[in-house]
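> A single structure is presented below for examination.
The values are calculated or read from the model by the stated rules, or taken from the named source; none is laboratory data. A quick note: this is a predicted structure, and the numbers were derived from the prediction, not measured. Cβ placement follows ideal geometry from the backbone for every residue including glycine, while neighbour counts extend to all protein chains displayed. What goes into the accessible areas is simple: the full protein's heavy atoms, side chains included, and nothing from ligands, DNA or RNA. Shrake-Rupley method; radii C 1.70, N 1.55, O 1.52, S 1.80 Å.
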Amino acid sequence: MGVYLFKRLLLIIPTFLGITLITFLIIQMAPGSPVSLKIQQMGGEGIRTETVSKAVIEQTKKLYGLDQPIHVQYLQWIKRLATFNFGDSYKDHRPVLTKIREALPVTLLLNFISIFLIYLISIPLGIFSALKSRTLLDQAVTVILFILYSLPSFWVAMILIIYLGGGEYLNLFPVAGISSQGVGELTRWGQFGNVLWHLVLPIIVLTYGGFAFLARLSRAQLLEVIRQDYIRTARAKGLSESAVILKHALRNSLIPLITLSGTLLPAMIGGSVVVEQIFSIPGMGKLGFEAVLSRDYPTVMAIAAIEALLTLVGILVSDLMYVWVDPRISFEGM
Amino acid sequence: MWPPGPRGQPRRVAPTIMNDTLLTVENLKTYFFTERGVFKSVDDVSFTVPRGKTVGIVGESGSGKSVTALSILRLVSAPGKIVGGRVMVSCRGVLQYAPTGTVDLLTLEESEMRRFRGGKIAMIFQEPMTSLNPVFTIGDQIEEAVALHQKELNEAQRWEQVLEVLRLVRIPDPERAARSYPHELSGGMRQRAMIAIALGCRPEILIADEPTTALDVTVQAQVLELLRELRERLGMSLILITHDLGVVAEQADEVIVMYAGKIVEQGTVRQIFSHPRHPYTRALLEALPTFHTTGRLRTIPGSVPSLAALPRGCSFQERCDRVQQRCREEDPELMVMGEGQVARCFFPEL
């Protein structure tokens with residue numbers, strides 16, 4: 001087990017380097033650069049861009065280290081990474097690490113609640129569907145889940161904002177940010193409640209489509225497990241139907257669902273870009289989106305690196321969870 | 001615990017059953033209702049299981065022997081349905097409160113039925129690999145059975161019982177086996193563990209559905225020997241379902257031969273093996289290899305007809321070498337051939 005873990009952790013290093021290298025090349029190859037953006041901005045400020053001399057451009061490039069060959073730039077980035085120095089943002093010249101430290105907890109809170117809710121609702125729904133399989137109720141659940149699944153999230157977000165977030169209809173929830181102005185004056189619980197209140201709409205948008213996949217998966221799993229011989233053995237013992245389902249069937253059918261959760265987190269951080277953008281939530285998604293638009297290379301690279309790491313660790317965690325939930329799987333001798 | 005009805009009120013309990021019969025199956029009918037038609041998997045099957053004896057049920061795949069066993073425990077799942085018959089169980093000595101009498105399992109409420117499942121009649125299955133839950137230890141799975149049927153025991157006593165049944169089935173190092181998961185045991189050990197789970201329920205009748213089919217030949221012999229020994233030691237009755245006539249010859253006291261959902265012949269093991277009356281039984285015996293067999297083994301031509309489209313008359317007519325016009329027109333009844341021997345044939349062997 002220890003040896004296996006060590007091997008897996010070692011393997012993360014080359015994979016991680018590969019991912020960051022590709023990201024680095026892609027953003028460098030993408031049209032537009034921080035320098036040209038800067039010059040455009042100057043144009044907006046009334047300075048005639050044609051008059052900006054080549055010298056100024058060279059100077060700016062030099063400032064950012066963009067004058068050097070690309071492999072040198074990448075190596076320098078790696079070198080700084082080794083000391084957890086992600087550099088300063090091109091945009092506002094604040095340290096990237098500080099910006100991420102502000103954004104990450106927001107996104108994590110948002111996504112943890114969403115994942116938790118998705119599991120909390122999907123699994124019982126899946127069990128219910130499986131037990132009522134091929135009845136009208138099961139089919140109704142399926143249809144509703146697929147309708148939810150196919151609604152685009154930006155559209156649902158807009159509908160929610162229009163109907164529940166002020167406008168001409170109900171004004172139940174705030175539609176932007178994660179807390180009200182002056183929230184600092186509230187008590188600790190008051191602040192917490194205020195943040196939750198702000199997160200209601202974003203969380204609805206993040207969760208509603210997630211039910212379909214997990215509920216269908218848990219339904220299929222349970223139906224599969226119920227046909228197994230050991231379920232018949234459990235019944236032949238004289239166990240009640242509820243004990244057969246909740247103890248013998250459920251544990252087996254949840255194995256793939258539990259292990260799946262390890263890979264969900266990085267996926268959801270990537271997936272909350274749209275939601276954060278719409279609801280102006282200062283999280284990782286919004287930060288990354290804006291960094292890409294403004295060719296803020298250090299921020300983009302930092303986010304890419306963190307998400308790559310989270311993904312790799314997530315995969316490792318889900319592999320380890322297999323051992324935890326399924327006694328047939330062990331890493332002995334691997 | 002027992003009686004299942006309101007105390008002091010006899011409920012569905014018939015008068016004392018004759019002498020020493022533990023289980024009586026009467027006119028059992030289990031049909032499968034599918035889109036392709038109604039499959040009469042068990043069609044009018046009747047037999048009795050005497051206390052302390054082994055009843056062998058033999059037949060090809062699809063003959064209805066497993067469905068018969070599952071019907072006794074009411075474990076047939078949809079689209080299968082028990083459509084008729086009675087499964088009478090003698091209640092003498094089920095638990096200390098038990099009145100003397102019989103009860104029809106098919107009329108019980110599901111909650112009452114659960115006391116009989118395992119507690120009175122336990123069942124072990126063909127595939128020890130897939131019949132054990134992979135995510136629980138052997139000890140957990142036995143303990144669950146013990147807890148269900150011996151509610152008076154505390155945790156320590158239950159665990160002692162777990163080790164006791166593991167010793168009964170001759171599993172070496174019971175302490176370790178109890179902590180093992182099914183995949184950590186060999187096929188033979190798994191089947192022993194299955195038997196241990198059944199014994200943990202303290203049954204009076206053990207139904208073994210092809211208990212050795214999935215095992216190596218040498219292990220088969222050991223498991224069969226164990227079953228015989230346990231039956232004698234614990235005074236259980238055994239219903240042994242198999243397609244292996246050799247197993248039946250060695251183990252059974254009485255034999256039931258099934259074909260296409262019906263009993264075609266029934267008798268003592270001696271009667272069946274020395275004087276088979278039904279052409280199907282005879283053909284099965286001729287297909288058995290013996291020391292004197294030379295050349296190719298005899299086979300029975302053709303295959304079992306579809307249960308959804310049985311021919312008019314005798315189900316075996318297409319494969320029978322004694323078939324006559326009457327067999328194609330009339331369905332034969334089970335006819336008495338001798339003391340305790342019946343066969344479903346108009347033209348039995350003499």
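> Please list, ordered by residue number, the helices (runs of 4 or more DSSP H) wholly in region A:121-240 having 1 or more residues that are within 14 Å of chain B (Cβ to nearest Cβ), of a type in the set (Gly, Ala, Ser) and open to solvent by less than 40 Å² (accessible area, probe 1.4 Å). Steps first, answer last, please.
Numbers: elements: A:136-150, A:153-164, A:188-207, A:210-226, A:229-237.
In region A:121-240, A:229-237 are the helices (runs of 4 or more DSSP H) which contain 1 or more residues that are within 14 Å of chain B (Cβ to nearest Cβ), of a type in the set (Gly, Ala, Ser) and open to solvent by less than 40 Å² (accessible area, probe 1.4 Å).
> Moving on to the next point. For region B:286-305, indicate whether the set of residues that are surrounded by 15 or more Cβ atoms within 10 Å (Cβ to Cβ), polar (S, T, N, Q) and within 23 Å of residue B:41 (Cβ to Cβ) is non-empty.
The answer is no; no qualifying residue exists.
Let's see how each residue does on (1) within 29 Å of residue A:175 (Cα to Cα); (2) open to solvent by 40 Å² or more (accessible area, probe 1.4 Å); (3) within 14 Å of chain B (Cβ to nearest Cβ):
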{"residue": "A:262", "(1), (2), (3)": "no, no, no"}
{"residue": "A:291", "(1), (2), (3)": "yes, no, no"}
{"residue": "A:299", "(1), (2), (3)": "yes, no, no"}
{"residue": "A:313", "(1), (2), (3)": "no, yes, no"}
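> Taking the stated definitions as given, is residue B:108 open to solvent by less than 50 Å² (accessible area, probe 1.4 Å) and away from every other protein chain (no Cβ under 14 Å)? Even if it seems obvious, please write down each step before you answer.
On the way: open to solvent by less than 50 Å² (accessible area, probe 1.4 Å): yes; away from every other protein chain (no Cβ under 14 Å): no.
Here the answer is no, as residue B:108 does not meet what is asked.
> Counting just the residues of region B:115-124 that are outside any strand (DSSP E or B) and within 7 Å of chain A (Cβ to nearest Cβ), which one comes out most open to solvent (accessible area, probe 1.4 Å)? Spell out how you get there, then give the answer.
Pass one, region B:115-124, residues outside any strand (DSSP E or B): B:115-116, B:118-120.
Right, trim to within 7 Å of chain A (Cβ to nearest Cβ) and you get B:115, B:118-119.
Values: B:115: 98, B:118: 0, B:119: 17 Å².
Out of the qualifying residues, it is B:115.
> Residue check, residue B:173 against (1) touching a residue at least 12 places away in the same chain (Cβ under 8 Å); (2) on the phi > 0 side of the Ramachandran plot, all met but one. Which one?
Tallying (1) touching a residue at least 12 places away in the same chain (Cβ under 8 Å); (2) on the phi > 0 side of the Ramachandran plot, residue B:173 fails exactly one: (1).
> Is it the case that some residue within region A:104-112 is open to solvent by 50 Å² or more (accessible area, probe 1.4 Å) and under 16 Å from residue A:299 (Cβ atoms)?
Checked against the condition, which is being open to solvent by 50 Å² or more (accessible area, probe 1.4 Å) and under 16 Å from residue A:299 (Cβ atoms), region A:104-112 yields no hits at all.
> Within region B:125-138, can you find the residues that are crowded, with 24+ Cβ neighbours inside 10 Å and more than 7 Å from chain A (Cβ to nearest Cβ)?
B:128, B:138
For every residue, the table says whether it meets (1) modelled with pLDDT under 85; (2) closer than 20 Å to residue B:264 by Cβ; (3) assigned to a strand (DSSP E or B).
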| residue | (1), (2), (3) |
| --- | --- |
| B:27 | no, yes, yes |
| B:48 | no, yes, yes |
| B:66 | no, yes, no |
| B:76 | no, no, no |
| B:81 | no, no, yes |
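> Right, next: Just name the residue that is nearest to residue B:230 (Cα to Cα) out of those in region B:254-275 that are surrounded by 17 or more Cβ atoms within 10 Å (Cβ to Cβ) and charged (D, E, K, R).
B:254
> A further question follows. Do you know which of the residues in region B:200-220 that are assigned to a helix (DSSP H, G or I) and touching an Asp or Glu at 6+ places or on another chain (Cβ under 9 Å) is farthest from residue B:246 (Cα to Cα)? Spell out the reasoning first.
So the first thing to find is which residues in region B:200-220 are assigned to a helix (DSSP H, G or I), and the list is B:200, B:217-220.
With touching an Asp or Glu at 6+ places or on another chain (Cβ under 9 Å) added as a condition, the list becomes B:200, B:220.
Values: B:200: 29, B:220: 12 Å.
That would be B:200.
> Hey, residue B:111 hits all of (1) modelled with pLDDT of 90 or more; (2) assigned to a helix (DSSP H, G or I); (3) more than 20 Å from residue B:199 (Cβ to Cβ) but one; which does it fall short on?
It is condition (1) that residue B:111 fails.
> Test residue B:170 against the criterion of being away from chain A (no Cβ under 14 Å), outside any helix (DSSP H, G or I), open to solvent by 10 Å² or more (accessible area, probe 1.4 Å) and of a type in the set (D, E, K, R), and give yes or no.
Numbers: away from chain A (no Cβ under 14 Å): yes; outside any helix (DSSP H, G or I): yes; open to solvent by 10 Å² or more (accessible area, probe 1.4 Å): yes; of a type in the set (D, E, K, R): yes.
In short, yes.
> I would also like to ask the following. Since residue B:190 meets every condition but one in (1) more than 12 Å from chain A (Cβ to nearest Cβ); (2) over 19 Å from residue A:239 (Cα atoms); (3) open to solvent by 10 Å² or more (accessible area, probe 1.4 Å), which condition does it not meet?
Tallying (1) more than 12 Å from chain A (Cβ to nearest Cβ); (2) over 19 Å from residue A:239 (Cα atoms); (3) open to solvent by 10 Å² or more (accessible area, probe 1.4 Å), residue B:190 fails exactly one: (1).
> Based on what the data block shows, is residue A:287 in contact (Cβ under 8 Å) with a residue 60 or more places away in the chain and within 13 Å of chain B (Cβ to nearest Cβ)?
Working: in contact (Cβ under 8 Å) with a residue 60 or more places away in the chain: yes; within 13 Å of chain B (Cβ to nearest Cβ): no.
Here the answer is no, as residue A:287 does not meet what is asked.
> Turning to a different aspect of this structure: Step by step: first the residues of region A:315-330, then only those that are open to solvent by less than 20 Å² (accessible area, probe 1.4 Å) and not charged (D, E, K, R), then the one that is nearest to residue A:25 (Cα to Cα). Which residue is that? Break it down into steps so the answer makes sense when it comes.
To start, the set of residues in region A:315-330 that are open to solvent by less than 20 Å² (accessible area, probe 1.4 Å) comprises A:316, A:318, A:325-326.
Narrowing further to those that are not charged (D, E, K, R): A:316, A:318, A:325.
Details: A:316: 26, A:318: 30, A:325: 40 Å.
So the residue we want is A:316.
> Suppose the filter is touching a helix residue (DSSP H, G or I) at 6+ places or on another chain (Cβ under 6 Å), in contact (Cβ under 8 Å) with a residue 24 or more places away in the chain and open to solvent by 30 Å² or more (accessible area, probe 1.4 Å); does residue B:310 pass it? It would help to see each step written out before you state the result.
Details: touching a helix residue (DSSP H, G or I) at 6+ places or on another chain (Cβ under 6 Å): no; in contact (Cβ under 8 Å) with a residue 24 or more places away in the chain: yes; open to solvent by 30 Å² or more (accessible area, probe 1.4 Å): yes.
In short, no.
> While we're on this one: Can you tell me how many residues within region B:35-51 are in contact (Cβ under 8 Å) with a residue 40 or more places away in the chain and open to solvent by 30 Å² or more (accessible area, probe 1.4 Å)? Talk me through it step by step, then tell me what you get.
Of all residues in region B:35-51, those in contact (Cβ under 8 Å) with a residue 40 or more places away in the chain come to B:36-47, B:49-51.
The next check asks that each one be open to solvent by 30 Å² or more (accessible area, probe 1.4 Å); those that pass are B:36, B:38-40, B:44, B:46, B:51.
The qualifying residues number 7.
> Looking only at region B:313-343, which residues are under 20 Å from residue B:302 (Cα atoms), open to solvent by 30 Å² or more (accessible area, probe 1.4 Å) and within 27 Å of the chain's Cα centre (by Cα)?
B:331
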